[in-house]
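Since the structure comes first, as structure tokens, the remarks are kept for the end.
Every number here is computed from the coordinates shown, using simple stated rules; none is lab data. Bear in mind the structure is a predicted one, so any value in this text is a computation, not a measurement. Here the Cβ is made from the backbone with ideal geometry for all residues, glycine too, and neighbour counts use every protein chain on show.
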Amino acid sequence: MAPSFALEIHYRYKEMLRQGKDVVSFAVGEPDFDTPAHIKQAGIEATEQGWTKYSVTPGLPELREAICHLLKKRYGLEYGPSEVIVSVGGKHAMVNAMISILNPGDEVLIPIPAWFSYAESVKLLDAVPVFVPTRKEEEFQLKAGALEKKITPRTKIVLLNSPCNPTGSMIQEEEVVKIAALAVKHRFYIISDEIYSEIVFDGRKHVSIANLDPKVKELTITVNGFSKAYAMTGWRVGYAAGPRPIITAMGNVQGHFTSGTNTMAQKAAIAAVYGPQDFIRGMVEEYDRRRRYIVKRLNSIPGVSCFAPHGTFYAFPDVSGLLNRTFRGRRVRNTIELGNYLLDSEGVAVVPGSAFEGEGHLRLSFACSMEVIKSGCDRLAKAGAF
Ligand code: PLP
């Protein structure tokens with residue numbers, strides 16, 4: 001499998017930091033906020049009370065009940081605990097779903113630009129990733145028509161990710177409705193990765209495709225988790241909700257590979273569901289403030305243009321105006337070379353768009369302080385001024 005570009009760049013940045021170099025990073029995809037105190041406390045108490053043993057493989061029944069409550073309250077989704085599985089992060093839930101569904105040669109439609117882990121996981125299972133283009137002019141919003149063109153009798157899964165990492169785009173509701181109709185007509189599964197569902201801007205509302213009608217719900221595995229919404233990346237609690245036979249198969253897979261996720265983290269996740277939720281609003285307001293700032297700064301750099309992301313904490317600027325140019329005597333032909341140049345010469349870590357099948361762009365995470373964002377934008381502006 002190819003390594004994760006974003007992690008590699010982040011580790012290079014960390015190493016430069018360790019060597020005392022003046023560097024800032026836009027590379028990492030995790031909230032810079034700490035896990036709220038009441039959630040941490042629940043984890044501590046669970047540990048002290050002896051919740052340190054294996055949990056049942058699909059997750060503590062009380063957490064699965066809590067997740068059903070959350071899905072109903074937030075997105076109108078109706079599931080029972082036996083239709084929910086708790087995994088070691090949303091990433092793990094997604095891969096478990098793929099292992100449970102895919103046979104060698106099956107095709108998986110992946111709208112691009114996309115998170116790099118999707119195609120790598122599909123290939124590992126000897127299935128075939130089929131990329132579905134989205135258009136920069138449409139802010140990378142997936143259109144059902146583009147998806148339909150790629151459907152074949154071998155199409156087994158369509159992967160949806162709205163809001164999307166890396167573009168920050170969301171699929172418009174009327175397109176979600178059309179995609180649901182395609183799934184029912186052609187009988188493919190949908191894995192809907194909704195990990196960024198709470199991080200949306202400008203009054204937009206996240207739509208869960210499984211909520212559209214019972215026929216599409218039967219074909220959908222909704223993946224979500226606590227990492228982004230509750231700033232709990234290191235706790236490793238994610239989940240999937242879907243048709244019982246698939247969830248049961250995922251439990252069988254998980255039973256052999258990892259067993260249940262760690263028990264005290266599951267107790268903390270229960271506290272996250274039932275505790276105060278205003279933390280999320282505060283976090284999203286802060287992301288929004290940073291989003292407006294970074295987009296404005298990026299658009300003021302010659303050779304760079306950036307639309308305002310609809311959700312997530314990523315900006316995805318078009319930097320094609322900086323390519324095929326020479327900076328400080330160094331030729332920069334593509335975004336990998338641009339990323340290396342920016343880190344080596346300007347001390348700013350970014351992820352090249354080619355890592356997401358989005359050449360010509362960079363992914364900049366604004367899950368970092370305003371101070372880092374300001375300094376990072378100054379460095380990019382310096383590079384753009386050549
Ligand atoms: N899906 C997408 C698109 C992501 O960007 C991530 C994390 O970066 C995940 C899923 C998985 O998150 P976790 O495994 O921490 O729940």
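Tabulated data
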item: Cα→Cβ-extended label distance, 7 Å offset, between Gln277 and Lys215, nm; result: 3.1
item: Cα centroid of the range 123-144 to Cα centroid of the range 166-185, whole Å; result: 12
item: Low-density loop positions, GluC sites (Glu not before Pro), the range 295-378 - DSSP coil, at most 16 other Cβ in 10 Å; result: Glu359
item: FRET efficiency estimate (nearest 0.05) - Cβ-Cβ, Arg289 to Glu8, R0 35 angstrom; result: 0.75
item: Alpha-carbon centroids, the range 20-42 and the range 192-212: separation in whole Å; result: 23
item: Span from the the range 238-283 Cα centroid across to the the range 336-379 one, whole angstrom; result: 32
item: Stretch gain in nm, segment His38-Thr326, where the contour uses 0.36 nm per residue and the Cα spacing is subtracted; result: 98.5 nm
item: Total charge dipole magnitude, the chain, about the Cα centre, Cβ charges on Lys, Arg, Asp, Glu only, Debye to nearest 20; result: 580
item: Sorted by Cβ neighbour density within 10 Å, fewest at the top, the residues Trp51, Trp235; result: Trp51, Trp235
item: Spin-label pair Asp378/Thr248, simplified geometry with 7 Å Cα→Cβ offset, distance in nm; result: 6.1
item: Fewest-first ranking of Lys374, Lys53, Lys149, Lys21, using other Cβ atoms within 10 Å as the exposure measure; result: Lys53, Lys149, Lys21, Lys374
item: Inverse of mean 1/r across different Cα pairs in the range 37-274, Kirkwood, Å; result: 17.9
item: Under Karplus coefficients 6.51, -1.76 and 1.60, residue-wise ³J(HN,Hα) of the range 333-338 in Hz, glycine/proline x; result: 9, 9, 6, 5, 5, 5
item: Label point distance in nm, Met1-Lys21, each placed 7 Å from Cα along Cα→Cβ; result: 2.8
item: Contact order relative to length of the chain, as percent, for alpha carbon pairs under 8 angstrom and 6 or more apart; result: 24
item: Mean residue ellipticity (222 nm) of the chain, computed from DSSP H runs ≥ 4 via -39,500 (n - 2.57), nearest 500; result: -12500 deg cm²/dmol
item: Cut-off 16 Å (backbone N to label point 7 Å along Cα→Cβ of Ser300), residues of the range 337-362; result: none
